[in-house]
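The values are calculated or read from the model by the stated rules, or taken from the named source; none is laboratory data. Quantities reported herein were computed from a predicted structural model and do not represent experimental measurements. Cβ placement follows ideal geometry from the backbone for every residue including glycine, while neighbour counts extend to all protein chains displayed. SASA here: full protein model, heavy atoms, side chains in, ligands and nucleic acids out. Shrake-Rupley method; radii C 1.70, N 1.55, O 1.52, S 1.80 Å.
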Amino acid sequence: MGEPRPSVQREVVSFVRRSARMNPSQARAWNELQHWVVRVPTRQTSTSVDAGAHVDWPIVFGRRAPLVVEIGGGTGDVIAGVAARHPERDFVAFEVFQPAVASTLSKCARAGVGNVRVVVANGVDGLAALFDEQSVAELWTFFPDPWHKTRHHKRRLVSTPFADLVASRLSADGLWRLATDWEDYALAIRDVLDRHPGFVNRFAGWAPRWEDRPQSRYEAKGVAAGRTIYDLCYGIRKGGRR
Ligand SMILES: C[S@@+](CC[C@H](N)C(=O)[O-])C[C@H]1O[C@@H](n2cnc3c(N)ncnc32)[C@H](O)[C@@H]1O
């Protein structure tokens, strides 16, 4: 009998672990487009990122350009569209669900963009480990999982500790763009960010819809269900970082 395997202490994460089964076109994209996937060292779970991991983004992209990071990009509707319109920027998407990553890769290939990379890992770990302080021009969290039940609110992506991390990684003129179709989460996000000393709301309340943001799969579902879309946009408050 071998040694008993050490049990993995499950940390609270903002995503659900789902089956990685792909349809044939996703499987093809996954196999053929791996050159856009950046692999990083993990800790105990496959979606974690080792705190000591490092990626040299100028080497990965072959240039030094403003970096945009998306956490929970889903099937890549937003990043593929915006990256095509902004070839002067480089884009890094974190997404834990492999079939969604495969769809992102095929959308990027169809859009003909070379300025996108995908990391199949927890974006909270990734933002902390893989980006220097004040090195990120924009952080996007569009339609994060709402985690409706009160006992699950601790799993919501947007929290004060996460806001501390985002504040440390955004550049002085950096922006955090967010959107959700759930009013209670939208209000909770505003509460967290309006109270946070590191952020300043760029608008008096909700932001107008960011005109560059294509409608994503989840946004379309929310609209079809009759829900209001709430956009938010925060900048860094001068002298306010913790
Ligand atoms: C509700 S979906 C929205 C996807 C996309 N933004 C859209 O609008 O269609 C949320 C996505 O975030 C991913 N996700 C949640 N937390 C994450 C994290 N910490 N790191 C990476 N991906 C995450 C989930 O796997 C899921 O695909």
Heavy-atom accessible area of the chain with neighbours in place, 1.4 angstrom probe: carbon+sulfur share in percent works out to 51 percent
Here, region 5-98 modelled as identical Cα point scatterers in vacuum has Debye log10 I(q)/I(0) at q = 0.13, 0.25 Å⁻¹ of -0.58, -1.54
Magnitude of the Cβ-charge dipole (Lys and Arg +1, Asp and Glu -1) of region 103-241 about the Cα centre, nearest 20 debye, reported as 280 debye
Env charge @ S14, Cβ radius under 9 Å, K,R +1 / D,E -1, value +1
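Just by accessible area at a 1.4 angstrom probe, what is the order of F61, F162 from largest to smallest?
Numbers: F61 30, F162 10 Å².
Correct descending sequence by accessible area is F61, F162.
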Expressed as a whole-number percentage, the relative contact order of the chain with C-alpha contacts under 8 angstrom and at least six residues apart is 19 percent
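Return the calculated 222 nm mean residue ellipticity for the chain, to the nearest 500 deg cm²/dmol, obtained by summing -39500 (n - 2.57) across DSSP H runs with n ≥ 4 and dividing by the residue count. The partial results should precede the final answer.
Numbers: 8 runs with 76 residues, N = 242.
Helix-only estimate at 222 nm: -9000 deg cm²/dmol.
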Extension length gain for R64 and R151 (0.36 nm per residue less Cα distance), in nm, is 27.0 nm
Regression test value, accessible area per residue of region 107-232, probe 1.4 Å, units Å², expected 45 Å²
Taking region 157-242, the equivalent ellipsoid from its C-alpha gyration tensor has semi-axes in Å, biggest first, of 24, 13, 11
With R202 itself left out, Lys, Arg at +1 and Asp, Glu at -1 over residues whose Cβ is under 15 Å from its Cβ give 0
Once the dipole of the chain is set up from charges on Cβ (+1 Lys and Arg, -1 Asp and Glu), the residue from the list V78, P197, A102 lying farthest towards its positive end is A102
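I want the local charge near V113. Using Cβ-Cβ distances under 11 Å, sum +1 for each Lys or Arg and -1 for each Asp or Glu among the other residues. Write down the numbers at each step before the final one.
Details: positive: R85, R89, K107, R110, R117; negative: D90.
Its environment carries a net charge of +4.
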Highest GNM mean-square fluctuation among R156, R190, R227, for the chain with Cα springs under 10 Å, belongs to R227
Toy charge model, Lys and Arg Cβ at +1, Asp and Glu Cβ at -1: region 35-92 dipole around Cα centroid in debye, rounded to 20, equals 100 debye
Across K149, K221, K107, the residue with the highest GNM fluctuation in the chain (Cα network, 10 Å cutoff) is K149
Taking the dipole of region 132-184 about the Cα centre (Lys, Arg +1; Asp, Glu -1; charges at Cβ), the one of H153, A163, L175 that reaches farthest to the positive side is H153
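Only bridges with both residues in region 38-193 count here: give the DSSP antiparallel percent, nearest 5. Don't jump to the answer; show the numbers that get you there.
Details: 0 of 18 bridges.
Given both bridge residues lie in region 38-193, the antiparallel proportion sits at roughly 0 percent.
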Note to self: C-alpha centroids of region 144-194 and region 9-45 sit apart, in Å, by 23 Å
With a Förster distance of 35 angstrom and the Cβ-Cβ distance between D50 and R209, calculated FRET efficiency to the nearest 0.05 equals 0.40
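Where the eigenvalues come from the Cα gyration tensor of the chain, what are the semi-axes √(5λ) of the equivalent ellipsoid, largest first, in whole Å? Please report the intermediate quantities before stating the final value.
Numbers: eigenvalues 134, 96, 83 Å².
Output for the chain: semi-axes of 26, 22, 20 Å.
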Between R110 and S171, the two model label points (7 Å from Cα along the beta-carbon direction) sit apart by a distance in nm of 3.2 nm
